[in-house]
């Protein structure tokens, strides 16, 4: 990749171009979810809308993903402070919490299914499956990034360089984003049912 | 002569050497890993200039396919009584030949041709082929960067477009035919495979292809925005950017914010098609059978689709506007008139484009009071558009215009934009739309204002920057024939359509046999078809000129043949990876110092003379 060329060329910039590119992509992802949520509101306003309460499992998963953001933040902080052990363990914890989040979401879908709200029924339920499903797809992307970070963390010799800081930052920003995104979606689906 | 060229070269080079920004480019350049083999140089290239050519040539192939489709369905519309048996070798079973040897175009395939023509031209040619080509070519060169922020993502952007192209191309050969429900793909027709044969596998491939396409647009867009904001060279403030870059930058923002909404519309559509949800589907009977879908709203899709769909027309036209602004200024040897007003009107158009989408839905059962709001915002777009038109004309006014092919196409763009823009004011009124919606008036309007106009902008850009791309010029004689053929041809095709539309002739119809009222238009329809065939042939002349000139065109002997101010003309004729061999130029002034202080042009790398007032205040 050409990152080396650009980095040396433009290190007078305050933000890394790659970080900026990530934020631009996040704006794009946000627009997709805004599309879903506005479709939800428009469809809801049209009537024939089945109202139900989300299974408690989604509240649990919300707690789990928020916690994973805390551990991620810790990992970044530890990396910058060159605390290798804390960095590695927190990165691993984040990764595990991410997996647990996805399992909890899946259990949540099963619980919805069991209570009679299935995909083919009223769109109110179908929207929940769709929105949480597309969100999980984005979490899977985050887990892939974490996996790369883990492989780097456990195989490369521990050394705090600018380049590795940027990489870790980008992973962390994305992870915090999918976390905040889920909190917003959860609150939305809870209050606009 | 050789001596003169030598001196001209050294002047800009000396300035870059003296004032340029040293990024130790060569220190990190052990061998050229980007261009070391054929595959990494021409196929999986990460060099923005090669990627630009890939977008351009892929776009050209699609343009030929898309235009050929229109010729075939125009044959049906213009000469419904003539046998089409002679195209059977090409179209196979889609031409039905009866026992007398008389061939007719299958009506289902007619719809598929119309649908594919729209999809291909809107997305593959005028989005990828136009913005993909020129954003890639010009952003790094004109802002003074070695390459895009992430050349790797840039390469992926092209290959996702390629993948989208392959999937769409395969769909043309399906037994059930490509998707045939119109380029807007409204449900329920698009959501129910049993609704028509094109809605089966054809629709599945259509959505798949467009999702890949959106990924390509987003990867490209993220790169363009990041490069413009982060990688501008020293001295290149936002207010010194050439208008091309402003246009590409704002286009990329529009794409980044609107295409994801199209993806959400497609996700809901895919769920309805594949998983049995009812987002868009309400109580429907097909063949007497009730489907078990209940409670969906097809209007919902239209809202989501046009939330992209409207910005999309500006995604198409803004790059053309940027190219035309630059070409007009350079070729008329005058600064662009009202630079800041040009930038502000680009921004205004971009902002307004997000709040006018429902003007595509006036007749879809939208609340008339809400329609009023959309009418007002739609008509307001005429203001920044008129500002731009005024400024282009004022730029030409009393300029020493070089009447070469790029200039002609740029002027032709202005003509088309005015003709097509004016009919937009008619259509933007919800009351007049009751008569005009879904007629040939709409077809005439959008073909002139965003189809032909965008093509003109693209042609102006290709003729103007061809020397930068290939180090040779395109043939002027062929270029001028191409221009006049296209200019006259486009008006011959689309002008009469206004009359058809005003009478109420509906678009998308296969035949008007059963409408006595429209019988008097047979001659006019034949006239339009002949115009379309001639215009199509003239485009082939362009293709011949393009490929002939790559290898045999007149060679470029100096770096800056148009005597332009922007940075791309300070790079070597054979521009290598990294664009400038030594230092990166720093920018001392804005891009439009033409005819200032008695000098014909002053390049952006030239420092202000003693006591000289900068023009960009």
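Secondary-structure-derived ellipticity at 222 nm for chain B, considering helices only, amounts to -19500 deg cm²/dmol, per-run term -39500 (n - 2.57) for DSSP H runs with n ≥ 4. Take the range B:47-598, compute every pairwise Cα distance, and split them into 20 Å bins from 0; I just need the percent in each bin. Final binned percentages: 21, 56, 21, 1.
Can you grab the distance from the C-alpha centre of the range B:206-238 to the C-alpha centre of the range B:311-342, Å, no decimals? Here the answer is 20 Å between Cα centres. Once Rg and the Kirkwood radius are both taken over the C-alpha atoms of the range B:264-351, their ratio Rg/Rh works out to 1.34.
Roughly what angle does helix B:201-230 make with the longest principal axis of chain B, taking Cα atoms, 0 to 90 degrees, to the nearest 10? Helix B:201-230 sits roughly 20 degrees off the main axis of chain B.
Here the label points at residue B:599 and residue B:527, each 7 Å from Cα along the C-beta direction, are separated by 5.4 nm in the simple model. Over chain A, what is the relative contact order in whole percent, taking alpha-carbon pairs under 8 Å and six or more residues apart? Relative contact order, chain A: 30 percent. Stretching the chain fully between residue A:190 and residue A:85 yields a gain of 33.9 nm (0.36 nm per residue, less the alpha carbon separation).
Across the range B:575-617, the residues whose backbone nitrogen lies under 19 Å from the label position 7 Å along the beta-carbon direction of residue B:237 are B:586-594, B:603-617. Relative to the dominant Cα principal axis of chain A, helix A:57-80 is inclined by about 10°. Per residue of B:218-230, other chain Cβ atoms within 10 Å of the residue Cβ number 5 on average. In degrees, nearest 10, range 0 to 90: what is the angle between the Cα axis of helix B:2-19 and the longest Cα principal axis of chain B? Between the helix axis and the principal axis of chain B, the angle is about 90 degrees. Using the Cβ-Cβ distance between residue A:103 and residue A:51 with R0 set to 30 Å, the FRET efficiency works out to roughly 0.65.
Placing a label point 7 Å from the Cα of residue B:87 along the Cα-to-Cβ line, the residues of the range B:112-140 whose backbone N sits under 17 Å from it are B:112-121.
By definition, a body whose alpha carbon gyration tensor gives a ≥ b ≥ c is oblate when a/c is 1.5 or more and a/b is not larger than b/c, and the protein assembly as shown fits this oblate description.
Between residue B:402 and residue A:41, the FRET efficiency from the beta-carbon distance, with R0 = 60 Å, is close to 0.65. The value of relative contact order for chain B, using C-alpha pairs under 8 Å at least six residues apart, is 18 percent.
Taking the convex hull of the alpha carbon positions in the range A:56-191 and averaging its projected area over all directions gives 8.0 nm².
Give the calculated FRET efficiency between residue B:333 and residue A:34 to the nearest 0.05, with a Förster radius of 45 Å applied to their Cβ-Cβ distance. For residue B:333 and residue A:34, the calculated efficiency is 0.45. Among B:120-129, A:133-142, sorting by the average number of other beta carbon atoms lying within 10 angstrom of each residue, highest first, gives B:120-129, A:133-142. For chain A, adding -39500 (n - 2.57) for each run of n ≥ 4 DSSP H residues and dividing by the number of residues yields -28500 deg cm²/dmol at 222 nm. For chain A, modelled as a GNM with alpha-carbon contacts under 10 angstrom, which of A:170, A:29, A:65 fluctuates the most? Looking only at A:170, A:29, A:65, the biggest GNM fluctuation is shown by A:29. Comparing mean-square fluctuations of A:157, A:123, A:17 from a GNM of chain A with C-alpha springs under 10 Å, the top value falls on A:157. Across A:159, A:120, A:19, mean-square fluctuation computed from a Gaussian network of chain A (C-alpha pairs under 10 Å connected) peaks at A:120.
Values in this text are rule-based calculations from the coordinates and carry no lab data. Only a predicted model underlies this, so the values are computations on that prediction, with no experimental measurement involved. A quick note on method: Cβ atoms are made from the backbone with ideal geometry, for glycine too, and the neighbour counts reach across all protein chains shown.
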